[in-house]
1. Which of the residues belonging to region 228-254 are in contact with a His (Cβ under 9 Å, 6 or more places away or on another chain), closer than 19 Å to Gln194 by Cβ and not in a loop (DSSP other than H, G, I, E, B)?
2. Inside region 74-86, can you point out the residues that are crowded, with 20+ Cβ neighbours inside 10 Å and out of contact with any helix residue (DSSP H, G or I) (no Cβ under 8 Å at 6 or more places or on another chain)?
3. Can Ile37 be described as of a type in the set (A, V, I, L, M), touching a residue at least 60 places away in the same chain (Cβ under 8 Å) and farther than 30 Å from Gly316 by Cα?
4. Quick one: which helices (runs of 4 or more DSSP H) sit completely within region 288-339 and have at least 2 residues that are hydrophobic (A, V, I, L, M, F, W, C) and in contact with a Leu (Cβ under 9 Å, 6 or more places away or on another chain)?
5. Listed residues Asn238, Asn196; which is modelled with pLDDT of 95 or more and either surrounded by fewer than 24 Cβ atoms within 10 Å (Cβ to Cβ) or farther than 19 Å from Val104 by Cβ (or both)?
6. The conditions are (1) in contact with a strand residue (DSSP E or B) (Cβ under 6 Å, 6 or more places away or on another chain); (2) at pLDDT below 95, and Phe103 fails exactly one of them. Which is it?
7. For region 106-119, which residues satisfy the criterion of being part of a strand (DSSP E or B) and either free of Cβ contacts under 8 Å to residues at least 60 places away in the same chain or surrounded by fewer than 22 Cβ atoms within 10 Å (Cβ to Cβ) (or both)?
Amino acid sequence: MAATANYKLFTPLTLADDLVLKNRVVMSPMTRARADIQTHTPTDLQALYYEQRAGAGLIITEATTISEHSFGWIGSPALYTQEHVDAWKKVVDRVHAKNGKIFVQIWHMGRLVHPSFNAKGDVVSASDVQLTEGHTRDAYGNEAAFVKPRPLEVDEITGIAEDFRRSAELAKLAGFDGVEVHASGGYLVDQFLQANTNKRTDQYGGSFENRARFLFQILDAVKTVWPANHIGVRISPNGAYGQMGNPDNYDMFTYVMKRLSAHKLAYLAIQDGFGFGYHDKGRLVTLFDAKSHFQGPVIATNSYTRDIAEGAVRSGGADMVAFGRLYMSNPDLAERFQNDWPLNPDAGYEAYWDPREGEKGYTTFPAYTEAKLSTLTIKSPVEDESPEEPKTAVVEDLAVTDEKKRSRLCPKEWGRLLRSSKA
């Protein structure tokens, strides 16, 4: 019997009457930059990529732009024309043919856009706060400095909410199982949520309610197209990417999670308080906080291993766990996890999001076939092994090696936190 025979990670989860996931392993949204660089249309290569990974309980696509004005990443896909719909339908059909489920993540990049990407030469944000660290790339692939954004006018904000609605409508035409609103990562919605990028003095700035207004305006618009239990929202209250992070984030995102709870969404995805890339400017928002304030399914993300993920799910700390880099090099990750099969080596940084790499490091990683099973010796738990020293062929994600971080996520700790919350 496999060591994972009783793992809750591999049990079904019902998000809606017509949306049942076969397991709780989620493929994270990852910008891999293999769309057509001229039209932003998904390619046949991308269709193969997602088809290969259909063993996940849920696939969430890479961030997909809602309009020309919101676009700013070479090789990333879009969903605002019929051509985009037709191409995405090929992706969705191939995932569905493998009994998979797939949501599309929709976004606006805000101040991270370079002006060369749109005809207006325009960069917008909540306020005119410029990124001062790092660099971006222009529409021709050259390194370029970030530019100072222009604060959006109120009528423009309403127009962008409509762009989200329209893209969500096109997602339904393409056959997706749902949509995820990208409110994280330092992009436009996050720029409204966080105080360091939102200096507005109108109805979209200042108080928690005002800073969250744009997110809920988008959510209300998307709900005119999709039922709430086919909509997910992603937040990153702890993330530093895009020079984000504020001392009041804990309180701000607690407010956001409580309000999101009332919408009865398919899920809330959160980059929780462990791993890497944190702003260190205030109290971390953890999975425990998310489960306390959001009454619905929660997706945990950030450098999980299989067994730590199982601990989070089994203890009730999360309902699903998303994996990113492990899915890059292991198209059959859920199957490898469940069967104690070893993992492929990491894809390598150069393959992450360089459109010039093509299929290399993208669709070239093999699945762990039965043929390989017959030629490899895999260590797995057997009856006479000590339960204190189980052996497994699963290779841990190298991003989580710090024992202190591990202990924070162990099943006993999750259980203690949950019990104390109910006391």
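1. Within region 228-254, Val233, Arg234, Gly239, Asn249, Phe253, Thr254 meet the criteria.
2. Ser76
3. Yes, satisfied.
4. Those helices (runs of 4 or more DSSP H) span 306-314, 333-339.
5. Working: Asn238 fails: modelled with pLDDT of 95 or more.
Only one candidate qualifies: Asn196.
6. The number of the failed condition is (2).
7. none
Residue-by-condition table, conditions (1) closer than 19 Å to Lys8 by Cα; (2) at pLDDT below 95; (3) in contact with a Ser or Thr (Cβ under 8 Å, 6 or more places away or on another chain):
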site	(1), (2), (3)
Thr301	yes, yes, yes
Asp307	yes, no, yes
Arg314	yes, no, no
Met320	yes, no, no
Leu326	no, no, no
Asp332	yes, no, no
Glu350	no, yes, no
Pro355	no, yes, no
Thr369	no, yes, no
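The values are calculated or read from the model by the stated rules, or taken from the named source; none is laboratory data. This one's a predicted model, so the numbers in the text were calculated from it and none came from an experiment. With ideal geometry, Cβ positions are generated from the backbone for all residues, glycine too; neighbour counts draw on all protein chains shown.
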